[in-house]
Amino acid sequence: MTAKKPKKQKKCWRGRPSPDGLSRKHEDTVRRCIVTQETLPMESLIRFGVAPDGALVPDLAHKLPGRGIWVKADREIVETACQKNLFTKAARRKVTCPENMDGLINNLFVKRLQSLLGVAKKAGLVVAGFEKVAEALRKGQVVCLIEATDAAEDGKEKLNRLNDGLPVIQVLTADQAAQALGTGTCVHAAMKSGGVSDLFVAEARRFAAYCKTELF
């Protein structure tokens with residue numbers, strides 16, 4: 001009688017999903033900054049890829065092919081990496097940094113946050129407009145406030161009185177938020193609970209850390 005072969009065990013992935021929801025091993029959720037040599041969570045770093053022509057490309061969504069180069073989300077540290085040719089050293093080939101790296105990264109963050117905000121709206125997770133946001137706050141229906149960076153102080157103060165310790169995100173202008181939501185203007189908005197909401201908050205934190213500004 002032939003002995004039965006033992007059942008093949010399913011491969012179990014440990015750790016939490018990456019910022020884009022991709023399953024990764026536990027050790028893949030951290031990376032080392034090439035400047036500070038700190039080992040940090042991926043959400044505290046910016047990934048860079050190198051194009052075939054040697055151009056350095058910021059990869060905020062962690063989607064570009066090839067081996068990534070990781071730098072702490074801090075504009076001064078990114079600038080140091082460019083000035084000291086640390087990207088060339090890490091890539092082991094000549095790498096060309098964009099002339100306006102800071103402006104490029106800022107624009108990419110804004111576009112990414114706008115994209116996430118648009119996805120959240122399609123999923124029914126966004127409330128926009130002062131009165132609607134105030135009502136949602138009173139009912140405890142939201143997980144974070146979104147205030148335009150150019151919002152008037154009196155409007156922000158009124159909503160903050162209704163805020164019971166929720167994150168207040170100020171990273172987009174009123175025009176930038178309006179573009180994402182397809183509205184004429186958007187000074188005040190709020191997000192309900194959902195996966196894309198968590199990702200939006202995480203990306204807003206990373207952008208604020210890069211700019212060295214207070215998020216909440």
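The values are calculated or read from the model by the stated rules, or taken from the named source; none is laboratory data. All figures in this text were calculated on a predicted structure; none of them were measured in a lab. We place every Cβ from the backbone using ideal geometry, glycine too, and count neighbours over all the protein chains shown.
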Going by what's in this entry, would Val119 be described as β-branched (Val, Ile, Thr), surrounded by 14 or more Cβ atoms within 10 Å (Cβ to Cβ) and assigned by TED's automatic domain parsing to the domain that holds Gly182? yes
Which numbered condition trips up Leu113, out of (1) surrounded by fewer than 20 Cβ atoms within 10 Å (Cβ to Cβ); (2) modelled with pLDDT of 95 or more? (1)
Residues being touching a strand residue (DSSP E or B) at 6+ places or on another chain (Cβ under 6 Å) and not in a loop (DSSP other than H, G, I, E, B) - total across the stretch 82-99: 4
